[in-house]
Amino acid sequence: MRRSVRSWTILGVGACTLLAGALPAAATAPGTAHTAATRAPARLQPQENIPELDAPGGPESVEYGPDYVTRPSQGTFSVTAPQYTRITAVDFDCPPCTEVIASDGSAATVRTPQGRWRFGTPIRIWLKADPNAPLAGGRYQGTFRLDSDQQPLVADITEGEQGILGVQPEDNPGGGGARVRSVTPDSPADNAGIRVGDVITSFNNTPVNNAADLRNARIGKVRSGAVVPVTYKRPNGSSRTVQVTLD
């Protein structure tokens with residue numbers, strides 16, 4: 001009796017092929033000798049491209065090629081996002097598979113149905129950079145795993161532009177913090193409610209001791225588009241913390 005092959009295809013590409021019985025000779029990877037026995041596991045392929053991510057910016061994809069290995073039971077793809085990135089989607093053309101992406105985008109899991117199956121076409125993972133990534137950018141690494149086999153997941157984050165709060169600070173005569181001498185109209189500081197005479201005591205969860213702290217050591221390290229907490233005191237002594245998106 002002829003053994004059957006069930007496959008699911010989207011846009012003409014089937015990444016997950018579920019097999020009933022042995023793998024037919026026609027399904028053997030091009031250039032690979034066919035054997036009657038179950039094929040020995042091949043090494044999981046490394047990523048085919050390294051995306052360059054702007055922060056802030058849209059998502060870019062990372063692609064992993066297939067290994068054409070027939071596996072005897074349910075398989076699990078596990079992805080851990082590189083630092084300062086999050087996973088927004090996984091393209092895997094297998095409707096019966098179960099896909100879960102963590103709410104914060106830090107990880108994703110795809111499980112195939114029970115039964116023999118073959119990883120036969122590329123899988124794509126979409127990453128988006130965190131606006132709070134370091135101003136200088138850099139290369140960051142996560143992981144791509146299929147069962148017990150693993151490869152790095154690498155992404156580059158581009159250098160950003162220095163963020164602007166929109167205040168002119170001066171040292172606080174009373175000591176501690178940076179007093180606001182002027183506020184640029186319609187700037188992030190203005191929209192957050194910061195006014196002349198307020199004293200900024202913390203920027204991005206780091207204490208501000210004087211005007212130089214705010215002008216150089218703090219804002220100078222944060223990129224445009226970053227969302228940072230800013231704590232300031234009113235002249236009447238009341239304190240407030242606001243989330244500010246830098247220009």
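Looking at the range 188-241, which of its residues are within 31 Å of the chain's Cα centre (by Cα) and among the aliphatic types (A, V, I, L, M)? Scanning the range 188-241 gives Ala189, Ala192, Val208, Leu214, Ala217, Ile219, Val222, Ala226, Val227, Val228, Val230.
Taking the range 84-134 as the range and being of a type in the set (Val, Ile, Thr), more than 19 Å from Asp67 (Cβ to Cβ) and in contact (Cβ under 8 Å) with a residue 24 or more places away in the chain as the test, the residues that pass are Thr85, Ile87, Thr88. Scanning the range 172-194 for residues that are exposed (fewer than 15 other Cβ atoms within 10 Å of the Cβ) and either part of a loop (DSSP other than H, G, I, E, B) or modelled with pLDDT under 95 (or both) gives Pro173, Gly174, Gly175, Gly176, Thr184, Pro185, Asp186, Gly193. With respect to the conditions (1) assigned by TED's automatic domain parsing to the domain that holds Arg86; (2) assigned to a loop (DSSP other than H, G, I, E, B); (3) of a type outside the set (S, T, N, Q), Leu153 falls short on a single one, namely (2). Just so you know, in the range 214-247 the residues that are charged (D, E, K, R) and buried (at least 20 other Cβ atoms within 10 Å of the Cβ) include one that is nearest to Gly57 (Cα to Cα), and it is Arg223. Looking only at the range 109-128, residues that are at pLDDT 95 or above and touching a Pro at 6+ places or on another chain (Cβ under 7 Å) come to 3 in all.
Of all residues in the range 195-205, those that are in contact with a helix residue (DSSP H, G or I) (Cβ under 8 Å, 6 or more places away or on another chain) and either surrounded by 21 or more Cβ atoms within 10 Å (Cβ to Cβ) or more than 16 Å from Leu246 (Cα to Cα) (or both) total 2. Taking the range 69-120 as the range and being among the small types (Gly, Ala, Ser) and either touching a Ser or Thr at 6+ places or on another chain (Cβ under 6 Å) or outside any strand (DSSP E or B) (or both) as the test, the residues that pass are Ser73, Gly75, Ser78, Ala81, Ala102, Ser103, Gly105, Ser106, Ala107, Gly115, Gly120.
Taken over the range 156-171, the criterion of being β-branched (Val, Ile, Thr), at pLDDT 95 or above and either assigned to a loop (DSSP other than H, G, I, E, B) or in contact with an Asp or Glu (Cβ under 6 Å, 6 or more places away or on another chain) (or both) is satisfied by Thr158 alone.
Inspection of the range 127-144 finds a residue satisfying the criterion of being aliphatic (A, V, I, L, M), surrounded by fewer than 21 Cβ atoms within 10 Å (Cβ to Cβ) and over 17 Å from Gln45 (Cβ atoms).
The values are calculated or read from the model by the stated rules, or taken from the named source; none is laboratory data. Since we're looking at a predicted model, the values are computed, not measured. So basically every Cβ, Gly included, is an ideal-geometry build from the backbone, and we count neighbours across all protein chains shown.
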